[in-house]
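These notes concern the structure reproduced below.
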Amino acid sequence: MKIDLTETTSSKINQALVSARRAIGTPAIGMVLTLVIVTDEENAYDALKAAGDASREHPSRIIAVIKRVSRSPRARRDARLDAEVRVGSDAGTGETVVLRLHGELANHAQSVVLPLLLPDAPVVAWWPEDAPADPANDPLGALAQRRITDTYSAELPLDELAVRAATYSPGDTDLAWTRITPWRSMLAAALDQQPAEVIAATVEGESDNPSCELLAMWLADRLGVPVERTLSRGPGLTAVRMETKNGVIVLDRPDGSLATLSMQNQPDRAVALKRRETAELLAEELRRLDPDNTYASAVKFGVDKLHSGGEVMAGSAGGTADTAEKAEKSAGAKAPAAKKAPAKKAASK
């Protein structure tokens, strides 16, 4: 069921939600959280589809905030709120409210969203694109217990990764971090099967992929060993190698779907490690509403080392020194790139 409201108010939107629930025979509210999506017209469809799919696991009220930029000065002075209310099969297992804010109202989105939040329920804010530099201090981010961004969607992902580390607040998270959850689980399980001291590690993946950098920093942070970051053609992460005193552990995924786990004195194993859709990533993040301390430690590791002059980010095993230097500058590094070895290593903690 869909209801279109033009030049409306938050009070009228709440009335429309109640009327729509009664019309379809579900007057009770059975949702567990409010998901606020801050996006634009270009990305609204994909974001709402992903949120609707995720709501099948986490029934929620989805509020999409779309700020409509007016071209003329007169139009920018006029404040107007248009809304679309979706309930029932058109909104997954919850409710969806699409807000289009025109003119000056776009600068005060929190005043429109606040009356629409579910009472006594957690709030999660998600920016599929163009996340603010400091989500916790953003007017909409301040309403949320959890704030989800995606550095992969930024124009300069490695610069964005440094910003996320510099402005981190408890409750912040990044879908670039969520993408490597299966990798982290598989690597931890491999070390459980073959307990041995790790001497060094290598993370291989495509350039400008923040998930690769986060995985490299996580390994360096947790293991306290040098981690080399090398480049490949992708897609995404392609391989991780850990050198131990008992041999090399290799997790290789050349096609973005099926990986091979190789360990000393054990047969190779095929592992399903497909690249996941946004809906799956979002559903995973909605499972926990407490701060992710492991993410905080990993994302801060590289920046702390860079500020102290250490080398965290890496260049290319088959690339040029220029490529390595460019990657280092994108990450905000202070130290100059090495002249003889384009591939750089994360300093042990």
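The values are calculated or read from the model by the stated rules, or taken from the named source; none is laboratory data. Everything numeric here is computed off the predicted structure, so don't read it as measured data. Glycine also receives a Cβ, built like all others from the backbone with ideal geometry; neighbour counts cover every protein chain displayed. Keep in mind that these areas ignore ligands, DNA and RNA; they rest on the heavy atoms of the full protein, side chains included. Shrake-Rupley method; radii C 1.70, N 1.55, O 1.52, S 1.80 Å.
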I'd like the distance separating the alpha-carbon centroids of the stretch 271-285 and the stretch 168-191, in whole Å. 11 Å
Between Lys245 and Ile199, what is the label-point separation in nm under the 7 Å Cα-to-beta-carbon projection? 1.1 nm
Charges only on Cβ, +1 for Lys and Arg, -1 for Asp and Glu: so what's the dipole of the stretch 212-251 about the Cα centre, in debye to the nearest 20? 100 debye
Modelled FRET efficiency - R0 30 Å, Val18 with Ala79, Cβ distances, 0.05 increments: 0.75
Mind putting together the pair-distance distribution for the stretch 94-218? All Cα pairs, 10 Å bins, whole percent per bin, short to long. 11, 34, 28, 18, 7, 2, 0
Paramagnetic label zone (point 7 Å from Cα along Cα-to-C-beta, Gln264; backbone N under 20 Å) in the stretch 164-206: 187-203
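Of the cross-linked pairs Lys2/Lys49; Lys2/Lys274; Lys245/Lys300, which ones have a Cα-Cα span greater than 25 Å in the structure shown?
Numbers: Lys2/Lys49 15 Å; Lys2/Lys274 35 Å; Lys245/Lys300 29 Å.
Distance filter (> 25 Å) returns Lys2/Lys274; Lys245/Lys300.
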Quick check: net charge around Ile249, other residues with Cβ under 10 Å of its Cβ, Lys/Arg +1 and Asp/Glu -1? 0
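Taking only the C-alpha atoms, wrap a convex hull around the stretch 173-261 and report its volume per residue in Å³ as a whole number.
Working: hull volume 7.8 nm³, N = 89.
Expressed per residue, the convex hull around the Cα atoms of the stretch 173-261 is 87 Å³.
Is the stretch 171-222 best put as rounded, prolate or oblate by its Cα gyration tensor, with a ≥ b ≥ c the root eigenvalues, rounded for a/c under 1.5, and otherwise prolate when a/b is larger than b/c, oblate when not? Intermediate values should be presented prior to the final figure.
Values: a/c = 2.09, a/b = 1.56, b/c = 1.34.
Judged from the Cα gyration tensor, the stretch 171-222 comes out prolate (a/c at least 1.5, a/b above b/c).
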Å² per residue, accessible surface of the stretch 133-175 at 1.4 Å: 37 Å²
Kirkwood-based Rg over Rh for the stretch 227-298 (C-alpha set), two decimals? 1.04
On the Cα set of the stretch 111-179, report Rg and Dmax in Å, please. 12.4, 38
Rounded, prolate or oblate: which fits the stretch 9-67, taking a ≥ b ≥ c as square roots of the Cα gyration tensor eigenvalues, rounded meaning a/c under 1.5, else prolate when a/b beats b/c? oblate
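First check a/c for the stretch 1-155, with a ≥ b ≥ c the square roots of the eigenvalues of its C-alpha gyration tensor; if it is under 1.5, answer rounded, and if not, answer prolate when a/b is larger than b/c or oblate otherwise.
Values: a/c = 1.69, a/b = 1.19, b/c = 1.42.
Oblate is the answer for the stretch 1-155, as a/c is 1.5 or above yet b/c matches or exceeds a/b.
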